[in-house]
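Remarks on the structure that follows.
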Ligand SMILES: [Zn+2]
């Protein structure tokens, strides 16, 4: 996603040591991600930045929720997100690393932008499947789905038959 100006940290003006930053990720942030499934959301990103002469270590913690549609009933739901990510920036003229966690930045740079890393932290910690907690799906959709599902009590489950066959064979 595009870098957002509010996630820029002018580190050149910071003393060596630890600095904390808090970012509020509102609906406009989730729209700006360009992810079609994101309908909005609310989260906080807490960043602890450790500065030393040639290294910046950012520890990002994201916590909140994203508004999405349920994979099961397609009604709106809030997907909780919570995760941590560590990112190391090395002030170096050449790209010294093939490690994702370590990126090189221009030694003359004065600022870094964290939008990409905050987004990455969210993406990596987002569950693959997002569904309402049990019993909270749209009841109308649940009823419709139940009608088309084949109920095992309507006949023996073919998997049990296969398992029984296997058991007899081994007996
Ligand atoms: Zn649902």
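A few remarks follow.
- Once the Cα-Cα distance is subtracted from the 0.36 nm per residue extended length, the residue 53 to residue 129 segment shows a gain of 23.1 nm.
- Rounded to 5, percent antiparallel among DSSP beta bridges of region 5-133: 90 percent
- Rh (Kirkwood; distinct C-alpha pairs) - region 22-69, Å: 12.0 Å
- Förster radius 22 Å - calculated FRET efficiency between residue 105 and residue 2, Cβ distance, rounded to 0.05: 0.75
- Full-stretch length increase - residue 61, residue 82 - with 0.36 nm per residue and alpha-carbon distance subtracted: 6.8 nm
- Surface/4 estimate of mean projected area, convex hull on alpha-carbon atoms of region 5-133, nm²: 8.3 nm²
Rule-based calculations on the coordinates, nothing more; no lab input. Bear in mind the structure is a predicted one, so any value in this text is a computation, not a measurement. Heads up, the Cβs are rebuilt from the backbone with ideal geometry, glycines too, and the neighbour counts pull from every protein chain shown.
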